[in-house]
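**Q** This is the structure, below, for whatever I ask next.
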Amino acid sequence: MARLNARHPWSHNDHFHRWILANLPARRRTALDVGCGQGALVESLAPHFGSVLGNDADRTMQRQAADRCAGLANVVIDGSDWSDLDGPFDLVTMIAVLHHLDVDAALAHVREVLAPGGRFLAVGLAPPVSLADHLWDAASIVTNPVIGLAKHPRRDRGGVQPPAYPVQDPTLAYDDLRRRVEVAMPGASMRRRLGFRHTIAWTKPTT
């Protein structure tokens with residue numbers, strides 16, 4: 001599968017930037033992207049917000065994100081502990097980041113730093129445990145090369161490449177994560193997606 005995907009590569013994480021941009025909050029003063037990586041999402045959010053803060057603990061990612069967004073006056077790339085950030089933010093995003101963190105503490109902090117009416121949009125990974133998990137993984141395996149061919153029609157002869165950013169295997173199952181999200185963020189929408197991913201969307205109540 002890895003060799004097949006390498007012929008027509010595509011970023012499973014970047015694929016969901018469109019989903020995030022389609023679900024932005026009504027008020028767009030400030031945005032925070034936790035674990036911003038190389039800064040692609042930060043760059044995409046910049047035209048829509050007064051200011052965007054990209055945060056990443058990895059120095060290489062900080063440097064690459066800063067280089068990418070060097071011409072954007074409303075973007076700051078930060079390497080401090082994101083749990084020390086106070087907000088308020090109208091948007092907090094995480095792509096393939098939540099499973100790197102203490103989930104309960106991270107969800108609680110997102111709830112604190114979001115402004116009333118602000119949105120939390122996350123794209124995550126979970127290990128397949130239940131029958132539904134395995135069925136979605138099977139669907140992702142089947143569709144993965146098709147999506148790759150559509151996104152990258154020309155064959156890439158570079159072979160399998162190592163990830164450009166730090167990776168960590170998820171350990172918390174989807175159903176377990178959903179229960180934690182429901183406790184921390186009542187009313188949140190959590191859905192399995194193709195591409196071995198799931199999404200979480202929550203709007204902080206205004207009262």
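The values are calculated or read from the model by the stated rules, or taken from the named source; none is laboratory data. Owing to the predicted nature of the structure, the values given are computational and were not obtained by experimental measurement. A quick note on method: Cβ atoms are made from the backbone with ideal geometry, for glycine too, and the neighbour counts reach across all protein chains shown. Only protein heavy atoms, including side chains, enter the accessible area calculation; ligands, DNA and RNA are left aside. Shrake-Rupley method; radii C 1.70, N 1.55, O 1.52, S 1.80 Å.
**Q** Mind checking whether some residue in the stretch 181-193 is at pLDDT 95 or above, at negative phi, in a helix (DSSP H, G or I) and open to solvent by less than 80 Å² (accessible area, probe 1.4 Å)?
**A** yes
**Q** Report yes if Ala73 is open to solvent by 30 Å² or more (accessible area, probe 1.4 Å), among the small types (Gly, Ala, Ser), free of Cβ contacts under 8 Å to residues at least 24 places away in the same chain and not in a loop (DSSP other than H, G, I, E, B), otherwise no.
**A** Here the answer is no, as Ala73 does not meet what is asked.
Okay, residues lined up against (1) without any contact (Cβ under 8 Å) to a residue 24 or more places away in the chain; (2) touching a Pro at 6+ places or on another chain (Cβ under 6 Å); (3) open to solvent by 30 Å² or more (accessible area, probe 1.4 Å):
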position	(1), (2), (3)
Leu24	no, no, no
Val34	no, no, no
Gln38	no, no, yes
Leu41	no, no, no
Asp56	yes, no, no
Thr60	yes, no, yes
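**Q** Taking the stretch 197-207 only, how many residues are part of a loop (DSSP other than H, G, I, E, B) and crowded, with 17+ Cβ neighbours inside 10 Å?
**A** Total satisfying the criteria: 1.
**Q** Filter the stretch 83-95 down to residues that are open to solvent by less than 40 Å² (accessible area, probe 1.4 Å) and at pLDDT 95 or above, then give me how many there are.
**A** Number satisfying all stated conditions: 7.
**Q** Is it the case that the stretch 136-158 has a residue that's at pLDDT 95 or above and outside any loop (DSSP other than H, G, I, E, B)?
**A** The answer is no; no qualifying residue exists.
**Q** Only residues that are modelled with pLDDT of 95 or more and out of contact with any Cys (no Cβ under 9 Å at 6 or more places or on another chain): list them for the stretch 41-58, please.
**A** If the condition is that a residue be modelled with pLDDT of 95 or more and out of contact with any Cys (no Cβ under 9 Å at 6 or more places or on another chain), then Leu41, Ser44, Leu45, Pro47, His48, Phe49, Gly50, Ser51 are the ones that fit.
**Q** Run Ser80 past the list (1) exposed (fewer than 15 other Cβ atoms within 10 Å of the Cβ); (2) within 18 Å of the chain's Cα centre (by Cα); (3) part of a loop (DSSP other than H, G, I, E, B) and report the number of the one that doesn't hold.
**A** (2) is the only condition that Ser80 fails.
**Q** Moving to a separate point now. Out of everything in the stretch 1-22 that is within 11 Å of the chain's Cα centre (by Cα) and open to solvent by 30 Å² or more (accessible area, probe 1.4 Å), what residue ends up being modelled with the lowest pLDDT?
**A** Among those residues, the one meeting the criterion is His12.
**Q** Scanning the stretch 101-115 for residues that are small (Gly, Ala, Ser) and open to solvent by 10 Å² or more (accessible area, probe 1.4 Å), which turns out farthest from Glu182 (Cα to Cα)?
**A** Step by step, filter the stretch 101-115, then rank; the result is Ala105.
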